[in-house]
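The values are calculated or read from the model by the stated rules, or taken from the named source; none is laboratory data. None of these values were measured; they are calculated from a predicted model. All Cβ positions, even for glycine, are placed from backbone atoms using ideal geometry, and neighbour counts span all protein chains on display. Accessible surface is based on the protein model in full, side chains and every heavy atom, while ligands, DNA and RNA are left aside. Shrake-Rupley method; radii C 1.70, N 1.55, O 1.52, S 1.80 Å.
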Amino acid sequence: MDQGPDEAGQLYLGIETSCDETAVGLVSSGRNVEGEAVASSAGKQDRYGGIVPEVAAREHVAVLPGLVAAVLQQAHRQPQEIAAIGVTTGPGLFGALLVGMTAAKALAVAWGRPLVAVHHLEAHLYANALTGPIVFPSLALLVSGGHTGLWLWRGHGDLVRIGETLDDAAGEALDKGARLLGLGYPGGPAIERLALTAQGPGPRLPIGHIRGGSPYDMSFSGLKTALRQILDRDPTPDAARYALSLQEAVVDAVVERVELALDAFSARAVYAAGGVAANRALQERLHAVARKHGIGAFVPEPRYCTDNGVMVALAAHYGFSAGIRLSLEAGPRTPWPLGSARV
Ligand code: KG4
Ligand code: ZN
């Protein structure tokens with residue numbers, strides 16, 4: 001019979017293969033990281049200027065079995081000690097997800113352990129369980145390379161969508177801007193490093209305001225065009241200043257919506273997640289705006305902001321207790337909106 005996760009020391013394995021990171025994590029008691037491993041095909045993707053789904057899927061096939069073995073070894077744990085195996089089932093690249101799901105199903109059958117379906121974005125948010133107990137209701141901000149949005153997080157498995165980007169994700173805007181500035185992929189960390197060397201402020205780039213839509217929605221696709229137009233007119237561009245401009249435009253757009261949401265909804269904390277949440281400039285602004293509202297802003301350590309297996313194991317812990325399972329017949333869910341729509 002399945003055991004409940006309230007039992008002390010419950011151990012969960014998490015498998016993540018939704019994009020270009022192959023990642024495995026092992027977590028006990030919903031907060032203790034016992035083992036983790038991440039391999040990225042980003043280096044192999046760099047020369048294509050973006051992620052090629054076929055390349056990502058092939059890399060997952062090549063490295064996932066080794067990562068699972070390494071994580072169990074790191075933790076000195078046996079498969080029989082695992083309460084359940086969590087696997088990202090969407091959203092993401094179909095072929096990439098399929099590799100992780102098929103591996104997780106094979107392990108579940110071989111080891112006789114239950115399977116838990118994990119939503120990739122919810123897993124990102126659960127990385128915050130490492131910062132302390134999650135309090136509800138809270139405001140959840142997801143800023144990654146594929147998704148950007150705000151949710152009211154009312155309880156485990158109870159998320160209400162407040163706003164989302166209508167076009168590019170925040171990380172995508174940084175990645176595209178970075179390419180225009182001649183920086184490699186992923187662009188976010190490169191932009192952050194370069195912005196720190198800027199000798200002065202860069203030009204203000206326009207932040208997309210949505211006419212007629214929800215005030216919490218965002219738009220980032222105009223940033224790339226604006227930056228390209230400025231670069232076209234500048235024969236000797238100061239890349240560091242433009243990197244700072246781009247970073248500020250993205251941070252402003254996100255923080256403005258967070259502030260609006262904190263004014264409108266009662267929240268006891270702000271939880272940020274996703275690759276862009278690793279950005280220090282964004283973190284400082286989030287802390288400031290949360291402080292103004294008398295609450296705290298929480299951001300996982302950088303390696304738990306980007307794709308990792310630990311967040312999937314954490315989400316599996318809470319999902320398992322809520323009765324979420326994955327059947328052997330189920331396929332990847334792509335697309336898969338997170339949470340219910342606001343009424
Ligand atoms: O969450 P993530 O690893 O992948 C998904 O999209 O699911 O996020 C990757 C994104 C990329 O766009 C990358 O440029 C951005 O996160 N990123 C950053 C930083 N580190 C990663 N953006 C800004 N500052 C950073 N330090
Ligand atoms: Zn992600």
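Assorted remarks:
- Most fluctuating residue given options Pro186, Pro215, Pro133, as computed from a GNM of the chain linking Cα atoms under 10 Å: Pro133
- The alpha carbons of the range 1-149 stretch over 47, 39, 24 Å along the principal axes, in descending order.
- Taking the Cα atoms of the range 73-198, the ratio Rg/Rh between the radius of gyration and the Kirkwood radius comes to 1.05.
- Looking at the range 136-302 alone, DSSP beta bridges between its own residues are antiparallel in about 60 percent of cases.
- About the centre of its Cα atoms, the chain shows a dipole size close to 320 debye [charges on the beta carbon of Lys, Arg (+1) and Asp, Glu (-1) only; nearest 20 debye].
- Packing here is the average count of other Cβ atoms within 10 Å per residue, and on that basis the peptides 98-108, 29-39, highest first, run 98-108, 29-39.
- Only helices enter this figure: runs of n ≥ 4 DSSP H residues, each worth -39500 (n - 2.57), summed and divided by the residues of the chain, yield -13000 deg cm²/dmol at 222 nm to the nearest 500.
- Rounded FRET efficiency, nearest 0.05, which uses the C-beta distance separating Ser214 from Ala322 and R0 of 35 Å: 0.80
- Here, P(r) means the percent of Cα pairs in each 10 Å bin from 0 to the largest distance; for the range 31-77 it is 25, 39, 26, 10.
- Computed from the alpha carbon atoms alone, the convex hull of the range 198-294 holds 111 Å³ per residue.
- Counting only heavy atoms of the protein chains and using a 1.4 Å probe, Ile51 has close to 50 Å² of accessible surface.
- Antiparallel bridges, percent of DSSP beta bridges restricted to the chain (to nearest 5): 55 percent
- Over the chain, all Cα pairs binned in 20 Å intervals from 0 give whole-percent P(r) values of 32, 56, 11, 0, listed from short to long.
- Label sites at Arg228 and Arg204, each approximated as a point 7 angstrom past Cα along Cα to Cβ, lie 2.4 nm apart.
- Its relative contact order, with pairs defined as Cα atoms under 8 Å and 6+ residues apart, puts the chain at 26 percent.
- Rg/Rh for the range 136-302 stands at 0.98; both radii use Cα atoms, and Rh follows the Kirkwood definition.
- Of the DSSP H helices in the chain, those whose Cα atoms cover at least 27 Å axially and whose Kyte score averages -0.5 or more: 53-75, 239-264
- For the range 107-258: relative contact order, % (alpha-carbon pairs under 8 angstrom, 6 or more apart): 20 percent
- Remark: the range 234-284 is approximated by an ellipsoid whose semi-axes, taken from the C-alpha gyration tensor as √(5λ), come to 29, 12, 6 Å, largest first.
- Straightening the chain between Asp252 and Leu196 buys 18.5 nm, computed as 0.36 nm per residue apart minus the Cα-Cα spacing.
- Charged side chains reduced to their Cβ positions (Lys and Arg at +1, Asp and Glu at -1) give the range 136-302 a dipole of some 140 debye around its Cα centre.
- Residue-span extension gain [Asp167 to Ala70] - 0.36 nm each, minus C-alpha spacing: 31.1 nm
- Around the amide H of Ala269, modelled in the peptide plane, lie the amide H atoms of Leu139, all under 5 Å away and 5 or more residues distant in sequence or on another chain.
- Inter-label distance, nm, simple model (7 Å from Cα along the C-beta direction), Ser266/Ala341: 2.8 nm
- Here the range 18-155 carries DSSP beta bridges of which approximately 75% are antiparallel, counting only pairs with both residues inside.
- Other-chain or far-sequence residues with amide H under 5 Å of Phe220's (modelled H): Leu166, Asp167, Asp168
- Integer Hz, Karplus 6.51/-1.76/1.60 couplings in order for the range 36-44, x for Gly and Pro: 7, 8, 9, 10, 10, 9, 3, x, 6
- Per-peptide average of other Cβ atoms within 10 Å, ordering 325-335, 73-83 highest first: 73-83, 325-335
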